[in-house]
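The values are calculated or read from the model by the stated rules, or taken from the named source; none is laboratory data. All values reported here derive from a predicted model rather than from experimental measurement. A quick note on method: Cβ atoms are made from the backbone with ideal geometry, for glycine too, and the neighbour counts reach across all protein chains shown. To get the accessible areas, we keep the full protein, side chains included, count just its heavy atoms, and leave off ligands, DNA and RNA. Shrake-Rupley method; radii C 1.70, N 1.55, O 1.52, S 1.80 Å.
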Amino acid sequence: MKIKVKNLGPLRQAEYELGDLTIICGRNNTGKTYVTYALYGFFDYWKSTYNFSVKNINKLIENGHISINLSEYRDKISDILKQACKKYQKFLDRIFAAREGTFDDTIFEFYVRPEEINFDDVEYKRTISLAKTEFLEIFKEKEHEVLKITLLTDATELDVSKEILRDLIGRAVKEVLMDKIIPDVFIASAERTGAAIFRKDLDFARNRLVEQIGEKKSKIDIFSLIQKVTESYALPVRDNVDFTRRLEDVAKKQSEIAKKYPHILEEFRDIIGGEYRIIRGELVFVPQKGKKVRLSMGESSSAVRSLLDIGFYLRHIAKPGDMLMIDEPELNLHPENQRRIARLIARLINIGIKVFITTHSDYIIKELNTLIMLNQPDKEIQQIREAEGYKEDELISSDKIKVYMTKTDMVLLDGHKRKTKILTLVKADIDPVLGIEAETFDKTIDDMNRIQDAIIFCGS
């Protein structure tokens, strides 16, 4: 998967690929959050709004069944994605909660090659009901390229419109073809710490708004009012806040990670030094060294608050195939816990969860380097790994990682013969033995070491 953007925030032009782990590094105000939010917004738009166009609805109503050749959609995926991106671009103002017209010149392009799409092993079956009556079955067998659609009852008797049938079938085609490519995404925004503290206040504010609406005697546009309130923040922040508000409901479920990989949750519990609990409707943190102690989020450390939504995601929602996006995973964490978060990320990647992060943390990058360097068959390296307490499932292959640095670079823009100096994304080199070459951090650390050496040896 490849993404290209033009005129996105401070970034004039950029291109990047998604890996099992994708890292965006760089200085402040260089476009990292723009890249993250634009990608999250596209995935959300694709899952919730965009739909495939399907034909032969009249034939389905007449004959009661049709078959759709999925390979035809796979062959046209470039055109389908181009159309989806053009439609998505119109939503960017809302995604970023920006003034209308802010992103009129922005271009967002998402590329998937037909050969990347493999649905041979996909078995799909949906039976859809209306008014307690099953009226539509959509079915695909493994190792087959045909999606079979059957009306189980007369659509006209249930007053099912052609538009509804087209939408249901188009959504099924999209799921079979692209669910392996475009994942379910969970995001932890940089605003997550504040959301953890004020989650109840957010509920109160919402309830008070409802009360005020009820008190008004004159007619008001309720939907317009609610829209203005919710669109004050970028979509990832809104979704993050909404997730934090719903933790009591989220906690009723158990994730596939909790069922199959409980050791990952144990590792997370050690990082935060306890566990989150919902007790009689109240969210509390219970420290490991004081199990009788229950702390509210306001009483808990900033590290506990910054990892709250990630903890609930892992325990109650996460599944292989997802993508976890974290804006600054190092937020409020001691360097040792930054290293442990890097190891946790590697474990998630190795069980099939893709991870996308922005980071300023040299500790996270260097720990990922260590996990790459330790992933060697050499006996001496294995001895180091055992001596330092690294586990097999924490090691990571360099080919699973894509790292990009925001950087001012000389590039050849479309239609220009000469290179122009612009802010863009530059791919970092990753050596299978030596790890990631992160120039942004290396230069800063080299400068600090040079200055300290000059001070220490100035009298020599």
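Miscellaneous remarks
- Of all residue pairs spaced 6 or more apart or on separate chains, those with beta-carbon atoms under 6 Å, a first member in the range 113-142 that is closer than 14 Å to ASN69 by Cα and free of Cβ contacts under 8 Å to residues at least 40 places away in the same chain and a second member that is among the β-branched types (Val, Ile, Thr) and surrounded by 11 or more Cβ atoms within 10 Å (Cβ to Cβ) are ILE138/ILE149.
- Positions within the range 70-80 being open to solvent by 60 Å² or more (accessible area, probe 1.4 Å) and within 23 Å of GLU137 (Cβ to Cβ), in sequence order: GLU72
- Annotation: of all residues in the range 6-53 being of a type in the set (Val, Ile, Thr), part of a helix (DSSP H, G or I) and modelled with pLDDT of 95 or more, the one that is surrounded by the most Cβ atoms within 10 Å (Cβ to Cβ) is VAL35.
For (1) in a loop (DSSP other than H, G, I, E, B); (2) in contact with an Asp or Glu (Cβ under 9 Å, 6 or more places away or on another chain); (3) aliphatic (A, V, I, L, M), each residue gets a yes or a no:
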{"position": "ASP309", "(1), (2), (3)": "no, no, no"}
{"position": "PRO320", "(1), (2), (3)": "yes, yes, no"}
{"position": "GLU330", "(1), (2), (3)": "yes, no, no"}
{"position": "LEU333", "(1), (2), (3)": "yes, no, yes"}
{"position": "LEU344", "(1), (2), (3)": "no, yes, yes"}
{"position": "ILE349", "(1), (2), (3)": "no, yes, yes"}
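- Output for the range 52-69, where each listed residue is more than 15 Å from LEU136 (Cα to Cα) and of a type in the set (D, E, K, R): LYS55
- Some residue of the range 333-348 being among the basic types (Lys, Arg), open to solvent by 10 Å² or more (accessible area, probe 1.4 Å) and in contact with a His (Cβ under 9 Å, 6 or more places away or on another chain): yes
- GLU109 open to solvent by 80 Å² or more (accessible area, probe 1.4 Å) and either within 18 Å of LEU39 (Cβ to Cβ) or in a helix (DSSP H, G or I) (or both): no
- All of (1) modelled with pLDDT of 95 or more; (2) touching a helix residue (DSSP H, G or I) at 6+ places or on another chain (Cβ under 9 Å); (3) open to solvent by 70 Å² or more (accessible area, probe 1.4 Å); (4) assigned to a helix (DSSP H, G or I) hold for TYR88 with one exception: (3).
- Selection count, the range 78-112, where residues are of a type in the set (S, T, N, Q), touching a residue at least 12 places away in the same chain (Cβ under 8 Å) and over 13 Å from TYR45 (Cα atoms): 2
- For the range 189-201, the criterion of being modelled with pLDDT under 80, open to solvent by 80 Å² or more (accessible area, probe 1.4 Å), part of a helix (DSSP H, G or I) and not basic (Lys, Arg) is satisfied by at least one residue.
- Residue identified as in contact with a strand residue (DSSP E or B) (Cβ under 8 Å, 6 or more places away or on another chain), part of a loop (DSSP other than H, G, I, E, B) and aliphatic (A, V, I, L, M) among ILE365, ILE422, ILE357, ILE396: ILE396
- Checking each residue in the range 155-169 for being open to solvent by 70 Å² or more (accessible area, probe 1.4 Å) and farther than 20 Å from PHE52 by Cβ picks out THR156, GLU157, ASP159.
- Of all residues making up the range 374-388, the number that are assigned to a helix (DSSP H, G or I) and surrounded by fewer than 20 Cβ atoms within 10 Å (Cβ to Cβ): 8
- Hits in the range 280-303 (condition: among the hydrophobic types (A, V, I, L, M, F, W, C) and either modelled with pLDDT of 90 or more or surrounded by 14 or more Cβ atoms within 10 Å (Cβ to Cβ) (or both)): LEU283, VAL284, PHE285, VAL286, LEU295, MET297, ALA303
- Wholly within the range 237-287, helices (runs of 4 or more DSSP H) carrying at least 2 residues that are more than 22 Å from the chain's Cα centre (by Cα): 262-272
- Residues of the range 121-136 classified as under 18 Å from ARG171 (Cα atoms) and open to solvent by less than 100 Å² (accessible area, probe 1.4 Å), total: 8
- Which numbered condition LYS354 fails, given (1) closer than 18 Å to GLY321 by Cβ; (2) among the basic types (Lys, Arg); (3) at pLDDT below 95: (3)
- Per-region count, the range 353-396, residues among the small types (Gly, Ala, Ser) and under 22 Å from the mean Cα position of the chain (by Cα): 1
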